[in-house]
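We did not get these values from a lab; they are worked out from the coordinates using the rules stated. Fair warning: this is a prediction, and the values are worked out from it, not measured in the lab. Please note: Cβ atoms are built from the backbone with ideal geometry, for glycine as well, and neighbour counts cover all protein chains shown.
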């Protein structure tokens, strides 16, 4: 008898990374908040610190539907227009 | 190639393919029979978890279903459940990966439940019935082996719960009202599976209540205790009414909507108590002592199904995972014409 492999590997998907800003100084930043408790508080503190140390400006906060949901595709072009970089990614 | 069955089972353990229990080693024939029972070809895609770049093919689902101990005729239920997990509304990544350690509860409705012998009666959540045990197990094995939801990796459960091995039961459709899948817009003669993420099971006891109000106060209290994940705000929750409690509602002419409304109104805590227990931040203001914090927004946030034995004063509450971060999904089961 043979062993059947019940597993699958994730399907590789080509990703094109946006170029990182050459410098943070004066960058426009958008925050993407995932609705976890204190998520927005922590992101704003981080942005405040980057404002003091690197002179970034925060254009606003986008609130995701939930941590489980991906960011809506339609939101991304607006973020791209309004910001040089986005800060996100809050866990527990 | 192995001929010793025990060695074969051990080989599946060694490869990391099991949930901790021994698996049934698949064969070409058992996989083919399983696919045929759902009228599927191996390469067909059942669904995709986009955030994980993961697709679930019928072949991989069938291999896992055989390993779980499913008979081929169970496979259409497994397939529908997988489609539910992959539904965007279910938002798989959260409930599957969370520290909350949710079981994926499968509620089966319609004629397929009786045809397969899926238990809806005594010990509906417990052991002893092959389809209940193996259909839920097959879905969990697919989650582990195909969707990469492995403990310690993309399954970050702090404690987990035993329902993560398997949690599948049928609704006892004779007890009350219209069957649950009819509330989801399906005809009564259709078969369906509802996929619902819950991180605990709370059995609720009341032997004396002869009218709905005192009985439902007990259920409301179970839905809104201080340790409940529901307090984070506006979850979905599942209430499972067994025979005696269902009879109290039936004898008093209460509808599903009456029951949901009562539970929405009474599943609440005083804001001051919530703050005392540090479930919300902030100082306790005098007005907080008389301010209610309700844990459900709308009647439809409380899913009510019937299951369990006809005798005995028990029902159950199963809090939902997350704050509307996932929603239960009902999928019609496509059966092969016989």
For this session: Describe numerically, in nm with one decimal, the distance between label points set 7 Å from Cα along Cα→Cβ at residue A:15 and at residue A:88.
Result: 1.1
Exercise. At a Förster distance of 51 Å, what's the computed FRET efficiency of residue B:14 paired with residue B:210, Cβ-Cβ distance as r, to 0.05?
Worked result: 0.35
Problem set entry | Antiparallel content of DSSP bridges confined to chain B, in %, to 5 | 75
Exercise. What ranking do B:166, A:8, B:102 get, fewest neighbouring Cβ atoms within 10 angstrom at the top?
Worked result: A:8, B:166, B:102
Exercise. Given C-alpha coordinates of chain B, what is the ratio Rg to Rh with the Kirkwood estimate of Rh?
Worked result: 1.00
Seminar exercise, completed: Of the convex hull drawn through the C-alpha atoms of region B:169-246, the volume per residue in Å³ is 122
For this session: Report, in degrees rounded to the nearest 10, the 0 to 90 angle that the Cα long axis of helix B:5-14 makes with the longest principal axis of chain B.
Result: 60
Exercise. Ratio of Rg to Rh for region B:107-215, alpha carbon only, Kirkwood?
Worked result: 1.02
Exercise. Mind listing P(r) for region B:85-139? All alpha-carbon pairs, 5 Å bins, whole percents.
Worked result: 4, 16, 23, 22, 15, 15, 5, 0
Problem set entry | Gaussian network model of chain A, springs between alpha carbon atoms under 10 Å - residue of A:61, A:29, A:75 with greatest fluctuation | A:75
For this session: Name all residues of region A:47-81 having a backbone nitrogen under 13 Å from the label point set 7 Å from the Cα of residue B:99 along its Cα→Cβ direction, giving them as ranges.
Result: none
Exercise. Between residue B:276 and residue B:7, how many nm apart are label points set 7 Å from Cα along the C-beta direction?
Worked result: 6.6
Exercise. Arranged by the count of other C-beta atoms within 10 angstrom, fewest first, what order do B:29, A:64 take?
Worked result: B:29, A:64
Problem set entry | Counting DSSP beta bridges with both ends in region B:200-320, the antiparallel % (nearest 5) | 70
Exercise. Under the Kirkwood approximation applied to all pairs of distinct alpha-carbon atoms, what is the hydrodynamic radius of region B:205-338 in Å?
Worked result: 16.1
Seminar exercise, completed: Measuring from the longest principal axis of the C-alpha atoms of chain B, the long axis of helix B:75-86 (C-alpha) lies at a number of degrees, nearest 10, equal to 60
For this session: Calculate, in whole percent, how much of the Cα-Cα pair population of region A:28-87 lies beyond 20 Å.
Result: 25
For this session: Be a star and scan region A:23-40 for residues whose amide nitrogen sits under 18 Å from the point 7 Å along the Cα-to-Cβ vector of residue A:80.
Result: A:28-32
For this session: Decide, for region B:1-129, between rounded, prolate and oblate: order the square roots of the alpha carbon gyration tensor eigenvalues as a ≥ b ≥ c, take rounded if a/c falls under 1.5, and otherwise choose prolate if a/b is larger than b/c, else oblate.
Result: rounded
Seminar exercise, completed: Mean shadow area (nm²) of the C-alpha convex hull around the protein assembly as shown is 24.8
Problem set entry | Whole-number D in µm²/s for region B:268-327 (Stokes-Einstein; Kirkwood sum over Cα pairs; 4 °C, 1.567 mPa s) | 90
Problem set entry | 0 to 90° range, to nearest 10: angle between helix B:28-37 axis and chain B longest Cα axis | 50
For this session: For a footprinting-style exposure proxy, rank B:296, B:169 by other Cβ within 10 Å, fewest first.
Result: B:296, B:169
Seminar exercise, completed: Expressed in angstrom and rounded, the centroid-to-centroid distance over alpha carbons for region B:165-239 and region B:289-338 is 4
For this session: Looking at the protein assembly as shown, send over the antiparallel percent of its DSSP beta bridges, to the nearest 5.
Result: 60
For this session: Give the Debye-formula value of log10 I(q)/I(0) at each listed q (0.22, 0.29 Å⁻¹), with one equal scatterer per alpha carbon of region B:56-115, two decimals each.
Result: -1.04, -1.24
Exercise. What translational diffusion coefficient, in µm²/s and rounded to a whole number, does the Stokes-Einstein relation yield for region B:191-233 at 10 °C and a viscosity of 1.306 mPa s, taking the hydrodynamic radius as the Kirkwood radius over Cα pairs?
Worked result: 127
